[in-house]
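Working notes, structure below.
The values are calculated or read from the model by the stated rules, or taken from the named source; none is laboratory data. Predicted model only: the values in this text are computed from it and were never measured. Neighbour counts run over all protein chains shown; Cβ positions are idealised from the backbone, glycine included. We work out accessible area using only protein heavy atoms, side chains counted, and drop any ligands, DNA or RNA first. Shrake-Rupley method; radii C 1.70, N 1.55, O 1.52, S 1.80 Å.
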Amino acid sequence: MAGEYLKSSVHVHSKLCDGKNTLDEIAVTAWRSGLQTLGFSGHSHTPCDLEYCMTQSRTALYKAQVAKLKERYAGKLDILCGLEWDLFSDDDPTQYDYWIGSTHYVKGPKTGKYYEIDWREEDLRACIDDDFDGDGLAVAEAYFANVAKVAEKKPTILGHFDLIKKINGDGKFFDENDPRYTAAANAALMTAARNRCVLEANTSAVYRGFRKDFFPSDAILKEWLVLSGNVVITADAHDTKALTFGFEAVAAKLKELGYTKVQVLGKGGFTPCAL
């Protein structure tokens with residue numbers, strides 16, 4: 001049924017990681033907004049992370065609190081206990097209702113440092129200068145190689161495919177139209193296709209003011225359509241106001257690019273939804 005994508009939000013973060021609201025606040029907002037499915041996707045414990053992932057103790061609390069919310073909203077709102085799993089995480093993503101496989105870090109080949117590539121410009125600059133001889137495209141290539149590794153693990157959803165571009169506004173660090181960038185992205189995309197991944201069309205960079213375009217880019221979405229790939233619309237919400245932000249705009253963009261359907265995740269798995 002058309003429009004069903006507006007009733008499912010499954011990339012959502014709470015105060016237990018880097019979100020702004022409690023799990024309870026998010027659930028009541030989702031219910032009052034008429035959502036049918038709410039999927040929590042806390043950032044998985046990742047030893048190299050110092051700021052945004054759940055600790056092991058918070059992970060246990062997260063599971064317990066989501067379990068209680070499932071009971072509280074039974075028959076009113078389907079709540080899923082998901083995980084946003086990073087390539088360098090030590091958590092087991094198969095122990096959740098679903099999982100989003102994502103790449104947030106590039107490990108420096110020289111220093112061995114883990115660089116968060118999607119938040120502070122100084123971190124990305126240090127990665128480029130200290131570990132990749134000033135070659136921003138080499139960092140992008142390393143990033144997409146990590147995306148391919150995540151895709152090989154067959155996540156339920158492959159998260160923000162081209163996150164590396166998030167703080168690259170106006171091509172500050174690398175040219176997103178360079179053949180090297182395109183080749184690296186397409187190689188990861190082929191891996192995703194072989195593993196039948198579902199890519200998310202993620203609105204967070206627009207909501208948070210980093211970009212005017214979504215994840216992934218139009219060029220990547222066009223190539224994904226050629227590969228007969230499936231897409232799910234997500235908000236990557238870090239506050240309650242963002243739960244379905246930009247969903248209709250993304251749907252319009254996908255339709256413009258030639259897509260006729262998107263996938264919608266519910267408690268029974270994915271179902272197709274006409275655009």
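Observations, loosely collected:
- The helices (runs of 4 or more DSSP H) found entirely in segment 166-275 that carry 3 or more residues being of a type in the set (A, V, I, L, M) are 179-194, 218-226, 247-257.
- A single entry from GLU248, GLU223 fulfils the requirement of being over 28 Å from GLY136 (Cα atoms), surrounded by fewer than 19 Cβ atoms within 10 Å (Cβ to Cβ) and over 17 Å from the mean Cα position of the chain (by Cα): GLU248.
- Any hit, segment 34-56, residues being surrounded by fewer than 23 Cβ atoms within 10 Å (Cβ to Cβ), of a type in the set (D, E, K, R), free of Cβ contacts under 8 Å to residues at least 24 places away in the same chain and touching a Ser or Thr at 6+ places or on another chain (Cβ under 9 Å): no
- A Cβ distance below 7 Å, combined with a sequence gap of six or more or placement on separate chains, defines the contacts here; from segment 5-20, residues that are of a type in the set (Asp, Glu) reach residues that are surrounded by 24 or more Cβ atoms within 10 Å (Cβ to Cβ) in the pairs ASP18/HIS43.
- Meeting the requirement of 3 or more residues that are in contact with a Leu (Cβ under 8 Å, 6 or more places away or on another chain), the strands (runs of 3 or more DSSP E) wholly within segment 38-147 are 78-86, 98-102.
- The listed residue being of a type in the set (Phe, Trp, Tyr), within 19 Å of THR103 (Cα to Cα) and either surrounded by fewer than 22 Cβ atoms within 10 Å (Cβ to Cβ) or touching a His at 6+ places or on another chain (Cβ under 8 Å) (or both), out of PHE215, PHE161: PHE215
- Just one of the listed residues (ALA183, ALA187, ALA193) is in contact with a helix residue (DSSP H, G or I) (Cβ under 7 Å, 6 or more places away or on another chain) and within 22 Å of LYS149 (Cβ to Cβ), and it is ALA187.
- Entry remark, segment 1-20: residues being assigned to a loop (DSSP other than H, G, I, E, B), out of contact with any Asp or Glu (no Cβ under 6 Å at 6 or more places or on another chain) and open to solvent by 30 Å² or more (accessible area, probe 1.4 Å) number 4 in total.
- Subset of segment 173-209 [crowded, with 22+ Cβ neighbours inside 10 Å and of a type in the set (Gly, Ala, Ser)]: ALA184, ALA185, ALA188, ALA192, ALA201, SER204, ALA205
- Considering segment 60-108, and only residues there that are open to solvent by 20 Å² or more (accessible area, probe 1.4 Å) and of a type in the set (A, V, I, L, M), the residue that is nearest to ASP162 (Cα to Cα) turns out to be LEU87.
- Odd one out for ILE26, checked against (1) open to solvent by less than 10 Å² (accessible area, probe 1.4 Å); (2) closer than 26 Å to CYS273 by Cβ; (3) not in a helix (DSSP H, G or I): (3)
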